[in-house]
Amino acid sequence: PGGDITQKGYEKKRAKLLAPYVPQTQGVDPALQKESKPQMPVPSAAPASSSSSSSSSKFHRARSGGARDERYRSDIHTEAVQAALAKHKEQKMALPMPTKRRSTFVQSPADACTPPDTSSASEDEGSLRRQAALSAALHQSLQNAESWINRSVQGSSTSSSASSTLSHGEGKGTSGSLADVFANARIESFSVPPDVTATTSTPSARPAAVDLPPSGIVKGMHKGSNRSSLMDTADGVPVSSRVSTKIQQLLNTLKRPKRPPLKEFFVDDFEEIVEGNIPQPDPNQPKPEGRQMTPVKGEPLGVVCNWPPALEAALQRWGTTQAKCPCLTALDVTGKPVYTLTYGKLWSRSLKLAYTLLNKLGTKNEPVLKPGDRVALVYPNNDPVMFMVAFYGCLLAEVIPVPIEVPLTRKDAGGQQIGFLLGSCGIALALTTEVCLKGLPKTQNGEIVQFKGWPRLKWVVTDSKYLSKSPKDWQPNISAAGTEPAYIEYKTSKEGSVMGVTVSRVAMLAHCQALSQACNYSEGETIVNVLDFKKDAGLWHGILTNVMNKLHTISVPYSVMKTCPLSWVQRVHAHKAKVALVKCRDLHWAMMAHRDQRDVSLSSLRMLIVTDGANPWSVSSCDAFLSLFQSHGLKPEAICPCATSPEAMTVAIRRPGVPGAPLPGRAILSMNGLSFGVIRVNTEDKNSALTVQDVGHVMPGGMMCIVKPDGPPQLCKTDEIGEICVSSRAGGMMYYGLAGVTKNTFEVIPVNSSGSPVGEVPFVRSGLLGFVGPGSLVFVVGKMDGLLTVSGRRHNADDIVATGLAVESIKTVYRGRIAVFSVSVFYDERIVVVAEQRPDASEEDSFQWMSRVLQAIDSIHQVGVYCLALVPANTLPKTPLGGIHISQTKQHFLEGSLHPCNILMCPHTCVTNLPKPRQKQPGVGPASVMVGNLVAGKRIAQASGRDLGQIEDNDLVKKHQFLTEVLQWRAQATPDHPLFLLLNAKGTTVCTATCLQLHKKAERIASVLCDKGHLNAGDNVVLLYPPGIELITAFYGCLYSGCVPVTVRPPHAQSLPRAPGKAACILTTQTLMRLLKSREAAGAVDVKTWPTIIDTDDLPRKRLAQIYKPPTPEMLAYLDFSVSTTGMLTGVKMSHAAVSGLCRAIKLQCELYSSRQIAICLDPYCGLGFVLWCLCSVYSGHQSILIPPMELESNLFLWLSTVSQYKIRDTFCSYSVMELCTKGLGNQVEMLKARGINLSCVRTCVVVAEERPRVSLTHSFSKLFKDIGLSSRAVSTTFGSRVNVAICLQGTSGPDPTTVYVDLKSLRHDRVRLVERGAPQSLLLSESGKILPGVKVVIVNPETKGPLGDSHLGEIWVNSPHTASGYYTIYDNETLQADHFNTRLSFGDAAQTLWARTGYLGFVRRTELTAASGERHDALYVVGALDETLELRGLRYHPIDIETSVSRTHRSIAECAVFTWTNLLVVVVELCGCEQEALDLVPLVTNVVLEEHYLIVGVVVVVDPGVIPINSRGEKQRMHLRDSFLADQLDPIYVAYNM
């Protein structure tokens, strides 16, 4: 997704910009107008020119057009890409643009980002760019937006559960009136997605993945309703940006057929998915047909009599006999020669340095350096002279130089890895110059900072004035070159680790000899070197072979090239140089600037060595340079590409040609063939061809073979691409200190097809991919490091970069900086493309570029891009010479610290290896299940609490059937016994109630109800109270008068309640009454329809004539209303019998009696929370200390300090309270200790819940407060549901709650597979407390209604005296849920028990523990609510499992919620970091859900903290969230639509 910033602001801005160009037509949304005028002028030319004119020099002006990364410039390719895109033009793309909040990504202008001198940033070493002359063809195909995105005129109906689509309306001409739009649009009937809010227990079968839901009409929208109203905007959100519209666009895009699907290749035996099954090879794919290649030899290394025995001997010879000859010339910043080092000076200074290193650094007895020690060389790129002296000084002292880059900051890209190299080489000493040392970052007290990951170094300055002259009799030891190490060259691997390639003295010498012979160097020649002199060809030619042949090197530093890009050409001209060493980027810089210099001549050049000739895209640079400079005397045969690698050194080089001889041919290869590793001349489609030039022949004295890039080093066939391996005396010998990797790279013995070795000569892997063509010419088609192997096909990162740049990138990509790498997600490599976005690029341009890059890559490489991200200019990590540091970029991407400003993920199109969707097995018949269970000796999965009959407690129960009678009895027997204490935030008691006070107050409320309310027995009364004692008295007042109480959470001024159905009266406090009658309320609700409102603050002292006694215990006692997590408000009817039964079960389980105290910190409005707050104390006589949870917000310590102060043994809370304490007090345990809070008194701390136990929360709570005495066994959870509010509760006796680990994959298939702790994809489940006395549960197949066996997953059914007697429905559709309360098993139950269905999935497992009854204990595990589950790909998912995975992926995800919409999985994450991180989350969320749940995320929504609604029990209200999302009410930071 690119962004359409929160749409309101965006549309305004856009309308303003376009106003001058748009002839006004009345009454049409600007988005529609654009549709109807393809001929609209494109207003982008003006800003582009103005931005570039601001820069100063001519050169800058040409560049600031932001041309492309010129390493990859190729007009042929550009045309191919345009042709490919033109093909796509016919198929309209309607990608939904992402939604982005405007504030999120404010990019600073370019100047702020880039100081002029560091600006040439993109270069993999600085690449160059020039204004690409874009071909007209491309221009036309891009002219109008219609060619790439089809903004269909789309509306969203007012009902959030419908998304309507007006497809592809394109008005004709400029008459854009609505009538025309409708005349040209097909209007489909509204499609209704499956209603997932219904509470039916068997979810209706959903349509397959992208089929649209069945058509039908939405409730409350008439067929004939005025269609044009759809065009209006909902809440000011323009139609085209509405969520529902975009999801429709996304579905339309996903429905378009992609290339033929791969065979579904996962064997989904449910048990295991076979990992990484690569798709079966396509029988038509090209296969190599040639014979096995034979190694190719270079010409023999000539024997020259005066070649020195060692390189140091050559230095000694020239330094003493040709002291005046120039060796090296350095340039100043302007490109003028500033200093020439002669051979005499090089020799004398190196000698001084060698002497100093060996004798002057330590004491005589303890020298700091001994021969063979490694030393770091830290010299800036503009000081070749000091570097050369240091390098030869080390060689003469027989210590091993390791040249590295100058560290600029403590956190350089890759700096830590350089530290790893220094550590593995055991380096303790660094040589540098005085100037460089001054520039290093320092600490406050002036010491050089400790760079991240670096060993401690001693810094030695090598400027002449600090060196001691060696005594006359001191001579360096110069022996004949052997295999001892000479120097170490660093190289960065694909993963980013830095290794040191060790080069022996004999290899260094042999390499110089081979280069001298291949390049035909002769003494005294002048060469110009534009490369980095610390490594690779710059070091080999400019520092080493230079001395071998007494050459004169002119070193042109990178910093000069930036200010004066023609400087190297001028140097060649001025010094009549014979050889120049360059990269493609230098050719480009020269071409761009060549107008400034008409009179340069390159006729002296006999070799222009192009050292990145191994990049297949170098051919176009060479051709372009030649065509421009041939008129300046450049000879065509002088262009000599070569291929190098740190391990094999120079692999091949083209020898200077004979004037007039034909130039070598080119290979035009098929990209498709290459992806299968086969060389095929491209015939099929010129768009997907790769043109490659040769890099000459094998080096003198060398031998080359091509082996398969992976697996054993098997020789390739002649028409197969493989890794180039070289055997010669001139090559690296090992990675220093890394024996394991060394063997695999430096000691390769090739094998034939049967696996037996070919010869005994070891080869060195070069890391280059290529082949040997006709005439033994070597061709390189890519690097191993850039190899992306996707579904068994190989692609090259460089090729993909080239394609990305060939799509008109000027408006979007900053300086052509594009990085391509692959990440491994779900058993395959996935391609990620990251580009820097120009500061002035518009959202539209960027998104357009992104959608076209996807098409181009798909078309040319036949591979999908998994993720395409744009980041702000200059934010990608850089290599020392300004290129993009790929491995670091990849690391940032995977860590979520890349901070993209635009992102487009395409998992739907790329991920083709998902297992097949599960087909439900035909229902197993009852008989077979029965037989199955019995034959296997399985017990049926059922469990029960203790039997109520046998444990009759005193005759209280026999005497008093009703709670009202118990209260009256207590008021007489123990009038002053306090039942309730209410605390405020300070922990002081604000209100108490004794038995008598409660009774008296209830009587007064009952009499008011009879007098004022004129109520009859059985009328419903709404109780609207804050948590407290008034709520309790009002409840008993209703019972005394025979009314049915309904507790309702008091409203905020913002959210006024609709009174629950059929209420005859509302009881409340004066403050709430004022709110209900306020003006705000009158605005929100029609007060006239409200029942009588009575406030109970000042009651008349009036006796009640008589207390109502229900005729039978089955009469309704109260109604319990609660909102489920799926957003359904359901009330259940509780009879008097159920109330007494429930109180009795809790009394027995928790051993409650009048001398006990319990502390309660939960909301008292429904479920078990209400029962504990209002009912239990009256029944059991214990004292309840009431702590309203909202008081914790102002005093987090309240609950724990109360428990500690009153020495409470049993306390009850909710998950939200536990979470508040865990998060809020996590770092204050010491403070709790200081306050004297001690929890060792607590025997049970029970979380009241109606969900799967949140083990991680309860565990962290126990761990945190262990230090203040909380027993690890104290915390447990309860389980209840709507049909039975209390099924399990830990209580005081019985074994501790048990835990098991379950395989998550098995749960998706509705099975339970127990696994060991630590197994991958395992889920820790905890038992939800013990089953209450009198309760029986059985596990049932929700479809067949047959019982299941032990440890099988099914619906939990319950039978107990306190099950509710039915739903209280407002809409009178009672039949629907009648079976929830009294259902029989379909077989296997002779007693024909009546069960209630809880709607939760779970299983029963018999444990080894003994229950109170002496039997073995059966544990009940709750997995989750059935109506919350998501059915995707035929599997059943619990949202919490996906959410848990998502929350773990990034530290900035505060909370997460998932839901589905039209079969798309929508993931909403709350971002608690800075808004720049919003887009980092998109790939991380997509990856983790794919990896751990085998699901593709459809939409990722990033919102502010606190947006996901949570109810008082701490449960997420996912359906409310879904409705708000679809109604565009979330104000998201970013919405990404995954393709």
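The values are calculated or read from the model by the stated rules, or taken from the named source; none is laboratory data. Remember, it's a predicted structure, so these values are computed and weren't measured experimentally. Cβ coordinates were reconstructed from backbone atoms using ideal geometry, including for glycine residues, and neighbour counts include every protein chain displayed. Only protein heavy atoms, including side chains, enter the accessible area calculation; ligands, DNA and RNA are left aside. Shrake-Rupley method; radii C 1.70, N 1.55, O 1.52, S 1.80 Å.
Worth pointing out:
- Count of residues meeting criterion [among the polar types (S, T, N, Q) and modelled with pLDDT of 95 or more] in segment 550-563: 2
- Subset of segment 1457-1476 that is out of contact with any Ser or Thr (no Cβ under 8 Å at 6 or more places or on another chain) and touching a residue at least 40 places away in the same chain (Cβ under 8 Å) - its residue that is most open to solvent (accessible area, probe 1.4 Å): Asn1463
- Flag if Ser522 is closer than 29 Å to Pro300 by Cβ, more than 47 Å from the chain's Cα centre (by Cα) and modelled with pLDDT under 95: yes
- Residue within segment 1420-1443 that is in contact (Cβ under 8 Å) with a residue 24 or more places away in the chain, over 34 Å from the mean Cα position of the chain (by Cα) and either open to solvent by 10 Å² or more (accessible area, probe 1.4 Å) or over 18 Å from Pro1333 (Cα atoms) (or both) present: no
- Test: residue in segment 559-575 that is assigned to a helix (DSSP H, G or I) and of a type in the set (Lys, Arg): yes
- A single member of Glu484, Glu523 is farther than 30 Å from Ser824 by Cβ, free of Cβ contacts under 8 Å to residues at least 60 places away in the same chain and surrounded by fewer than 21 Cβ atoms within 10 Å (Cβ to Cβ), and it is Glu523.
- Complete set of residues in segment 425-454 that are modelled with pLDDT of 90 or more and of a type in the set (S, T, N, Q): Thr432, Thr433
- Of the strands (runs of 3 or more DSSP E) lying entirely inside segment 1087-1202, none contains at least 3 residues that are under 42 Å from the mean Cα position of the chain (by Cα), at pLDDT 90 or above and not basic (Lys, Arg).
- Checking each residue in segment 526-543 for being assigned to a loop (DSSP other than H, G, I, E, B) and either within 15 Å of Pro401 (Cβ to Cβ) or touching a residue at least 60 places away in the same chain (Cβ under 8 Å) (or both) picks out Leu531, Asp532, Phe533, Lys534, Lys535.
- Residue match in segment 359-367 (condition: touching a helix residue (DSSP H, G or I) at 6+ places or on another chain (Cβ under 6 Å), aliphatic (A, V, I, L, M) and open to solvent by less than 50 Å² (accessible area, probe 1.4 Å)): no
- Residues satisfying the stated conditions in segment 726-780, i.e. farther than 20 Å from Val296 by Cβ, at pLDDT 90 or above and touching a Ser or Thr at 6+ places or on another chain (Cβ under 6 Å): Met733, Met734, Tyr735, Tyr736
- Scanning segment 1416-1425 for residues that are over 16 Å from Thr1298 (Cα atoms) and at pLDDT below 90 yields no hits at all.
- Count - residues of segment 1380-1394 that are modelled with pLDDT under 75, of a type in the set (Gly, Ala, Ser) and surrounded by 14 or more Cβ atoms within 10 Å (Cβ to Cβ): 1
- Entry remark, segment 303-357: residues being part of a helix (DSSP H, G or I) and either open to solvent by 40 Å² or more (accessible area, probe 1.4 Å) or aromatic (Phe, Trp, Tyr) (or both) number 12 in total.
- Test result for Val820, out of contact with any Leu (no Cβ under 6 Å at 6 or more places or on another chain) and either modelled with pLDDT under 90 or not acidic (Asp, Glu) (or both): yes
- Highlighted here are the strands (runs of 3 or more DSSP E) found entirely within segment 1394-1468 that include at least 1 residues which are among the hydroxyl-bearing types (Ser, Thr, Tyr): 1396-1410, 1416-1425, 1435-1437, 1453-1461.
- Members of segment 1444-1453 found to be open to solvent by 10 Å² or more (accessible area, probe 1.4 Å) and of a type in the set (Val, Ile, Thr), listed by number: Thr1444, Thr1449, Ile1453
- Qualifying residue in segment 1476-1490 (condition: more than 21 Å from Ile1533 (Cβ to Cβ) and outside any strand (DSSP E or B)): yes
- Filtered residues of segment 799-829 (kept if within 19 Å of Gly883 (Cβ to Cβ) and either within 20 Å of the chain's Cα centre (by Cα) or surrounded by fewer than 20 Cβ atoms within 10 Å (Cβ to Cβ) (or both)): Ile818, Ala819, Val820, Phe821, Ser822
- Checklist (1) free of Cβ contacts under 8 Å to residues at least 12 places away in the same chain; (2) under 29 Å from Ile404 (Cβ atoms) applied to Gln630, failing item: (2)
- Candidates Val547, Val528, filtered to the one that is modelled with pLDDT of 95 or more, hydrophobic (A, V, I, L, M, F, W, C) and more than 49 Å from the chain's Cα centre (by Cα): Val547
- Verdict on Val832 being assigned to a helix (DSSP H, G or I) and either out of contact with any strand residue (DSSP E or B) (no Cβ under 9 Å at 6 or more places or on another chain) or open to solvent by less than 10 Å² (accessible area, probe 1.4 Å) (or both): no
- Filtered residues of segment 1356-1379 (kept if at pLDDT below 85 and either assigned to a strand (DSSP E or B) or touching a His at 6+ places or on another chain (Cβ under 6 Å) (or both)): Tyr1367, Tyr1368
- Residue in segment 390-397 that is part of a helix (DSSP H, G or I), free of Cβ contacts under 8 Å to residues at least 24 places away in the same chain and of a type outside the set (Val, Ile, Thr) present: no
- Residues that are touching a helix residue (DSSP H, G or I) at 6+ places or on another chain (Cβ under 8 Å), among the polar types (S, T, N, Q) and within 25 Å of Gly1506 (Cα to Cα) within segment 1178-1220 comprise Ser1214, Ser1216, listed in sequence order.
- Count of residues meeting criterion [buried (at least 24 other Cβ atoms within 10 Å of the Cβ) and out of contact with any Leu (no Cβ under 8 Å at 6 or more places or on another chain)] in segment 1313-1347: 2
- Of all residues making up segment 278-302, the number that are touching a helix residue (DSSP H, G or I) at 6+ places or on another chain (Cβ under 9 Å) and surrounded by 13 or more Cβ atoms within 10 Å (Cβ to Cβ): 7
- Note on segment 761-774: residues that are in a helix (DSSP H, G or I) and more than 18 Å from Thr691 (Cβ to Cβ) amount to 0.
- Residue check for Val406: open to solvent by 10 Å² or more (accessible area, probe 1.4 Å), touching a Cys at 6+ places or on another chain (Cβ under 9 Å) and assigned to a loop (DSSP other than H, G, I, E, B): yes
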